[in-house]
């Protein structure tokens with residue numbers, strides 16, 4: 001392992017994440033009877049667990065279809081299979097590595113499939129901004145039914161507002177920004193040789209779909225399908241453990257997990273993921289043993305399919321493994337793209 005790679009694994013961001021994960025894991029396990037957890041897990045319906053894992057694969061397929069739509073009007077030039085392969089590889093890399101390099105890898109692999117890499121990176125940014133807004137909408141729907149703490153709601157509102165402002169500003173000022181860059185290039189030949197305006201234009205092409213109402217509606221429909229399938233995953237795991245909770249439960253679980261796993265943690269989100277599950281289920285008066293059991297099963301369901309598919313994707317795209325290695329050596333945790 002090189003000195004740069006060693007520095008990556010010793011980065012303050014990673015160390016804070018590991019400590020935070022360890023604290024969360026300690027809080028989860030300190031007041032639970034592990035024998036009771038084993039008893040709950042041994043009685044689970046693993047046919048439903050397998051169905052939930054298959055549903056996770058379906059979610060990835062839908063997300064790839066939604067991502068392809070963001071390449072409008074040239075989405076037909078981008079192969080769906082390549083985008084799906086890039087997506088599962090990025091999910092796996094973000095899960096496994098101590099820094100979030102998955103989005104850079106995703107754009108790289110999309111480029112191997114024929115897409116412009118800067119354009120692909122722009123579509124990923126737009127996708128994440130739209131997901132922030134969707135998350136805020138889910139919190140809004142939960143407000144009448146759940147007493148959520150301000151520490152969870154306030155960051156969600158702030159991020160959604162920033163996402164909406166960023167998207168609107170990009171749409172409104174895109175042409176003016178490009179003209180300004182071109183003016184600078186015309187006056188500075190050295191800058192012109194870098195081709196910054198052309199690169200910016202390719203990245204900002206990702207905003208084009210947002211100018212078309214039909215595409216926006218289709219994006220909203222795909223996002224709704226992703227959320228519905230995600231609710232189904234939670235519901236299947238709950239039923240596998242014999243937990244018959246109201247429909248509020250999967251909505252609350254998915255929304256809080258989406259918001260909470262963005263905090264610094266160890267690779268694999270160990271501890272943070274489990275503590276969020278247990279805390280959320282405690283709001284619904286679920287005992288600690290079945291709550292911890294649920295966190296273990298859901299962790300397996302959510303991460304096993306993209307891990308297997310991601311490894312296969314990286315193996316099929318051998319050059320991508322080298323890209324991940326070099327990026328891991330040359331980046332530090334504070335300067336990488338987040339999921």
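Readers should treat all values here as calculations from the given coordinates under stated rules, not as data from a laboratory. The model shown is predicted, which means the values in this text are computed figures rather than measured ones. Virtual Cβ from ideal backbone geometry, glycine too; neighbours counted across all protein chains shown.
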(message) Run the simple label-point estimate for residue 225 and residue 19 please: 7 Å along Cα→C-beta, distance reported in nm.
(response) 4.5 nm
(message) Taking the Cα centroid of the stretch 15-66 and of the stretch 77-94, what is the distance between the two, rounded to the nearest whole Å?
(response) 24 Å
(request) Subtract the Cα-Cα distance of residue 153 and residue 112 from 0.36 nm times their separation in residues, and report this length gain in nm to one decimal. (result) 10.8 nm
(message) P(r) for the stretch 111-184, please, calculated from all Cα pair distances in 10 Å bins and given in %.
(response) 17, 33, 28, 16, 6, 0
(request) Mind giving me the nanometre distance, one decimal, between the label points for residue 218 and residue 50, set 7 Å out from Cα along Cα→Cβ? (result) 3.6 nm
(request) Could you line up 225, 23 from fewest to most neighbouring Cβ atoms inside 10 Å? (result) 23, 225
(request) Can you figure out the FRET efficiency of residue 282 with residue 198, using R₀ = 56 Å and their beta-carbon distance, to the nearest 0.05? (result) 0.60
(request) Compute the Cα gyration tensor for the stretch 70-170, then decide on rounded, prolate or oblate, letting a ≥ b ≥ c be the square roots of its eigenvalues: rounded whenever a/c is under 1.5, prolate when a/b is larger than b/c in the other cases, and oblate in all that remain. (result) prolate
(message) Using Cβ counts within 10 Å as a stand-in for footprinting exposure, how do 79, 174 rank, fewest first?
(response) 79, 174
(message) 7 Å from Cα along Cα→Cβ at both residue 244 and residue 80: what's the point-to-point distance in nm?
(response) 3.8 nm
